[in-house]
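Enquirer: Quick one: the structure is below, questions incoming.
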Amino acid sequence: MIKNFVRGFGALSLALIPLLSAPAAQAAPAAEVTTLADAVGLVKVTEEDRTGYTRTKFKHWNAGDDTGDGCNTRAEVLIAEAVVAPTVEAGCKVAGGTWVSYYDGQEVTSAGSLDIDHMVPLAEAWDSGASTWTAERREAYANDQGADVSLVAVTARSNRQKSDQDPADWMPPSPAAQCRYVGEWVATKLRWQLTADDRELEALKVYAEGPCEDTIVRYTPAA
């Protein structure tokens, strides 16, 4: 149809050719939805290597998704995850509000008692592929608000108990949280194309083939 249009309007159409032939804007990646067992099967397995890791190689917290709101990523996640909205005062000071830390089921009414946990810890991400990334991609990972599961507000105590451990060595103390946690862990690994080691994969399979077999995993590949 475009060829006929161009042919019919002759010289005038030449000015339109760049517009007509320009590639369409690239669509955002589609969300993937699958069972936990199938999602675990998509995670590639390699040996982990922490050589060269330092936390400072993942710049965080940056100016967040809304660079004009005066809040950094930590504050934006706190505001987004509050079950009772806090007051945001000058300088993006978060006051009041209520949160539920799903790792341990604790209700929290002070933002200072919360950590923003990287679902897959920075050290684990480094071991699993991020060591080869650019500094810009590591910063994007460390501040990822493009997926609800990448960053989570939890009690400082539970986050520090978790530290940089994977599901072979640590799971949320609340049994009700464990299937959600495994699903979100796997979703984050797939979103960022991170790998797993043998022990981690076997631990994930135990949950995927047992108590969490009905868990659904949703993820969108990171740009």
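Enquirer: Of everything in the range 98-129, what is aromatic (F, W, Y) and farther than 20 Å from Q178 by Cβ? Give them in sequence order. Step through it out loud before you land on a result.
Expert: Within the range 98-129, the subset aromatic (F, W, Y) is 99, 102-103, 126.
Residue satisfying the conditions is W126 alone.
Enquirer: Between a first residue in the range 96-124 that is on the phi > 0 side of the Ramachandran plot and without any contact (Cβ under 8 Å) to a residue 40 or more places away in the chain and a second residue that is hydroxyl-bearing (S, T, Y) and part of a strand (DSSP E or B), which pairs have beta carbons less than 7 Å apart while being 6 or more apart in sequence or on different chains?
Expert: That search, which allows pairs on different chains as well, returns G96/T87.
Enquirer: Of the residues that sit in the range 31-72 and are of a type in the set (V, I, T) and assigned to a loop (DSSP other than H, G, I, E, B), which one is surrounded by the most Cβ atoms within 10 Å (Cβ to Cβ)?
Expert: Quick first cut of the range 31-72, residues of a type in the set (V, I, T) only: 33-35, 40, 43, 45-46, 51, 54, 56, 67.
Keeping just the survivors that are assigned to a loop (DSSP other than H, G, I, E, B) gives 43, 46, 51, 54, 67.
On the way: V43: 18, T46: 13, T51: 7, T54: 9, T67: 10.
Filtering the range 31-72 for residues that are of a type in the set (V, I, T) and assigned to a loop (DSSP other than H, G, I, E, B), the one surrounded by the most Cβ atoms within 10 Å (Cβ to Cβ) comes out as V43.
Enquirer: Does T134 satisfy the condition of being buried (at least 19 other Cβ atoms within 10 Å of the Cβ) and out of contact with any Gly (no Cβ under 6 Å at 6 or more places or on another chain)?
Expert: Working: buried (at least 19 other Cβ atoms within 10 Å of the Cβ): no; out of contact with any Gly (no Cβ under 6 Å at 6 or more places or on another chain): yes.
It is false that T134 is buried (at least 19 other Cβ atoms within 10 Å of the Cβ) and out of contact with any Gly (no Cβ under 6 Å at 6 or more places or on another chain).
Enquirer: Go through the range 151-178 and give me each residue that's in contact (Cβ under 8 Å) with a residue 60 or more places away in the chain and of a type in the set (A, V, I, L, M, F, W, C). So that I can check it myself, show each step before the final result.
Expert: The initial filter retains those residues of the range 151-178 that are in contact (Cβ under 8 Å) with a residue 60 or more places away in the chain, namely 151-153, 172-174, 176-177.
L151, V152, A153, A176, A177, listed by residue number.
Enquirer: Tell me whether the range 92-107 contains one or more residues that are modelled with pLDDT of 95 or more, open to solvent by 30 Å² or more (accessible area, probe 1.4 Å), assigned to a helix (DSSP H, G or I) and under 22 Å from G64 (Cα atoms).
Expert: Among the residues of the range 92-107, not one is modelled with pLDDT of 95 or more, open to solvent by 30 Å² or more (accessible area, probe 1.4 Å), assigned to a helix (DSSP H, G or I) and under 22 Å from G64 (Cα atoms), which makes the answer no.
Enquirer: Among the residues of the range 111-141, what is the count of those that are hydrophobic (A, V, I, L, M, F, W, C) and either within 27 Å of T87 (Cβ to Cβ) or not in a helix (DSSP H, G or I) (or both)?
Expert: First pass over the range 111-141, keeping only residues hydrophobic (A, V, I, L, M, F, W, C): 111, 114, 116, 119-120, 122-123, 125-126, 130, 133, 135, 140.
Retained after the next criterion (residues that are either within 27 Å of T87 (Cβ to Cβ) or not in a helix (DSSP H, G or I) (or both)): 111, 114, 116, 119-120, 133.
Total satisfying the criteria: 6.
Enquirer: May I ask you to verify whether Q161 is more than 18 Å from the chain's Cα centre (by Cα) and within 27 Å of E202 (Cα to Cα)?
Expert: Answer is yes for this residue.
Enquirer: Separate question: Among residues belonging to the range 172-181 that are of a type outside the set (A, V, I, L, M) and open to solvent by less than 50 Å² (accessible area, probe 1.4 Å), point out the one that is farthest from A31 (Cα to Cα).
Expert: So the first thing to find is which residues in the range 172-181 are of a type outside the set (A, V, I, L, M), and the list is 172-175, 178-181.
Within this subset, residues satisfying the condition of being open to solvent by less than 50 Å² (accessible area, probe 1.4 Å) are 172, 174, 178-179, 181.
Numbers: P172: 26, S174: 28, Q178: 23, C179: 20, Y181: 19 Å.
The selected residue is S174.
Enquirer: Name the residue, out of E213, E202, that is surrounded by fewer than 17 Cβ atoms within 10 Å (Cβ to Cβ) and not in a loop (DSSP other than H, G, I, E, B). Steps first, answer last, please.
Expert: Details: E213 fails: not in a loop (DSSP other than H, G, I, E, B).
Going through E213, E202 in turn, just one is surrounded by fewer than 17 Cβ atoms within 10 Å (Cβ to Cβ) and not in a loop (DSSP other than H, G, I, E, B): E202.
Enquirer: Additional query: If I ask for residues that are assigned to a loop (DSSP other than H, G, I, E, B), among the hydrophobic types (A, V, I, L, M, F, W, C) and surrounded by 20 or more Cβ atoms within 10 Å (Cβ to Cβ), which ones from the range 142-171 would you list? Even if it seems obvious, please write down each step before you answer.
Expert: Of all residues in the range 142-171, those assigned to a loop (DSSP other than H, G, I, E, B) come to 143-150, 163-171.
If we keep only those that are among the hydrophobic types (A, V, I, L, M, F, W, C) as well, we get 147, 149, 168, 170-171.
Correct list: V149 only.
The values are calculated or read from the model by the stated rules, or taken from the named source; none is laboratory data. The model shown is predicted, which means the values in this text are computed figures rather than measured ones. We place every Cβ from the backbone using ideal geometry, glycine too, and count neighbours over all the protein chains shown. Heavy atoms of the whole protein, side chains included, go into the accessibility calculation; ligands, DNA and RNA do not. Shrake-Rupley method; radii C 1.70, N 1.55, O 1.52, S 1.80 Å.
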